[in-house]
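K.L.:
This structure is in structure tokens; I'll ask about it shortly.
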């Protein structure tokens, strides 16, 4: 099974911290954000991990190397200029293969059990026509109170009457089939949300609600808050 960590963003809201360091290398609880993801993916059985990068990407490669220190094989997808979420995934498809794969935003912290996604991939491979994506949703944080999508009977919806009052926030964690990105020219910039919305209309996006610890590290204040919380749990 393969996974991808999205690490190409500039992190404008995190400046000046990201002027000289890529956002995924910012540390919380004593280790970089991206290392938390790599370690959790390794424990869940994902041994081949693609990491895309653009802004200061060479520092990511220097810090992580080939992944041997974490028990995984790290493969880098250097974009030069960030291609947005779906564009970055489409650019990396030759490295990800033909099977469904996991993607995690590099600028979040989440304690979700990734073995659940490993099991879901196996299910998707047995039922190849039913789902283009499976996404993890979380409770709406204060800075995003209206949410993104609704989860109704294992299906995810964006713009229906049923979903209007029950939206949750997309965690930045999902499983995708390569075919979801078939219409994106390699090297083109493209966001992920329109692709997911189209697949939702077709009834081809499933999901689950995770209620545990999740943080979107969007500001220096949120980074510091999470750092304090993690250090308190280890003392």
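K.L.:
Would you confirm, using the coordinates I've provided, whether residue 83 is over 21 Å from residue 208 (Cβ atoms), buried (at least 21 other Cβ atoms within 10 Å of the Cβ) and modelled with pLDDT under 95?
P.N.:
It is true that residue 83 is over 21 Å from residue 208 (Cβ atoms), buried (at least 21 other Cβ atoms within 10 Å of the Cβ) and modelled with pLDDT under 95.
K.L.:
Got a number for residues in the range 176-197 being at positive phi and within 17 Å of the chain's Cα centre (by Cα)? Walk me through it before giving the result.
P.N.:
Just the residues of the range 176-197 that are at positive phi, to begin with: 187.
Now restrict to residues that are within 17 Å of the chain's Cα centre (by Cα): none.
Residues in the range 176-197 being at positive phi and within 17 Å of the chain's Cα centre (by Cα): 0 in total.
Conditions tested, residue by residue: (1) at pLDDT below 90; (2) more than 23 Å from residue 77 (Cα to Cα); (3) in a strand (DSSP E or B).
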{"site": "102", "(1), (2), (3)": "no, no, yes"}
{"site": "113", "(1), (2), (3)": "no, yes, no"}
{"site": "121", "(1), (2), (3)": "no, no, no"}
{"site": "125", "(1), (2), (3)": "yes, yes, no"}
{"site": "128", "(1), (2), (3)": "yes, yes, no"}
{"site": "161", "(1), (2), (3)": "yes, yes, no"}
{"site": "169", "(1), (2), (3)": "no, yes, yes"}
{"site": "175", "(1), (2), (3)": "no, no, yes"}
{"site": "189", "(1), (2), (3)": "no, no, no"}
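K.L.:
Scan the range 211-223 residue by residue and report those that are part of a helix (DSSP H, G or I) and either surrounded by fewer than 12 Cβ atoms within 10 Å (Cβ to Cβ) or in contact (Cβ under 8 Å) with a residue 40 or more places away in the chain (or both).
P.N.:
Across the range 211-223, the qualifying residues are 220, 221, 223.
K.L.:
Return the pair list, or none, for Cβ contacts closer than 7 Å from residues in the range 107-123 that are more than 18 Å from residue 169 (Cβ to Cβ) to residues that are part of a helix (DSSP H, G or I), at least 6 apart or on different chains.
P.N.:
114/40; 114/41
K.L.:
For residues that are surrounded by 17 or more Cβ atoms within 10 Å (Cβ to Cβ) and touching a strand residue (DSSP E or B) at 6+ places or on another chain (Cβ under 7 Å), scanning just the range 186-203, find the one that is farthest from residue 84 (Cα to Cα).
P.N.:
That would be 200.
The values are calculated or read from the model by the stated rules, or taken from the named source; none is laboratory data. Just so you know, these numbers come straight off a predicted model, no measurement behind them. All Cβ positions, glycine included, derive from the backbone under ideal geometry; neighbour counts span all protein chains shown.
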